[in-house]
Amino acid sequence: MTTGTPPPTAPKRSCARNLVPLGIAAWLVLEIWLLTLVAGAAGGLTVLALLVGGGIVGAVVTKRAGRRAFRNLTETLQQAQAGNSPAPGTGSTGSTGSTGNGFLMLGGLLLMLPGLISDAAGLLLLLQPVRSALGRYTERSLEHRMRVAAPGSLGDAFQQARIHRPDGKVVQGEVIRQDATQPSRGYEDGGPRPPLTP
């Protein structure tokens, strides 16, 4: 007996899910090849010294960036408790903000990974102009994705849930829309609703 509904089809894999494993495999092969080239030219102790040095520098950078992020978070919380707005340079987009710390931590993690390509990328992320340029690019990309988010997507829900006050603070809230065709539930007299309490 047939029902007329088509059989369910398997969801199509995205291009990123196909390319990411291939990219990781190519990166690992390239790292091993470069390490063997350097070991053949300069010796195995040189490669070992490079890997150990990169791990130590990466650990120090990651620890410092973590401390800076914790200090920024503590200062922001203290300013919020005192009723002051945070300084404009310490936000997520500032040069000392969480974006800069995030890229600094990523640079430290790349330095800790064994390999010459990851070490080169980690050293690039230690440079302030590179972190600033990546931070601006990331911010523009996220803002663009939020603006063009399809209705019903996560980006659309995040955009709708943010309400800006005139002083620049963001207030979380919900919008209750009552259709004209549906009768109101619980407030038949048409009076104002009580305020939302946390």
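The values are calculated or read from the model by the stated rules, or taken from the named source; none is laboratory data. On a predicted model such as this, the values are computed, not experimentally measured, just so you know. Positions of Cβ are backbone-derived with ideal geometry, glycine not excepted, and every protein chain shown enters the neighbour counts. Ligands, DNA and RNA are excluded from the accessible area calculation, which covers all protein heavy atoms including side chains. Shrake-Rupley method; radii C 1.70, N 1.55, O 1.52, S 1.80 Å.
Here are the numbers for the structure shown:
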{"item": "Largest-first ordering by accessible area, 1.4 Å probe, given options R68, R136, R131, R147", "result": "R147, R136, R68, R131"}
{"item": "Förster-model FRET efficiency, 35 Å R0, L22 and A82, C-beta, rounded to 0.05", "result": "0.10"}
{"item": "Computed accessible area, W27, all protein chains, 1.4 angstrom probe, square angstrom", "result": "90 Å²"}
{"item": "Extension gain, T36 back to R147 (0.36 nm per residue minus Cα-Cα distance, nm)", "result": "35.2 nm"}
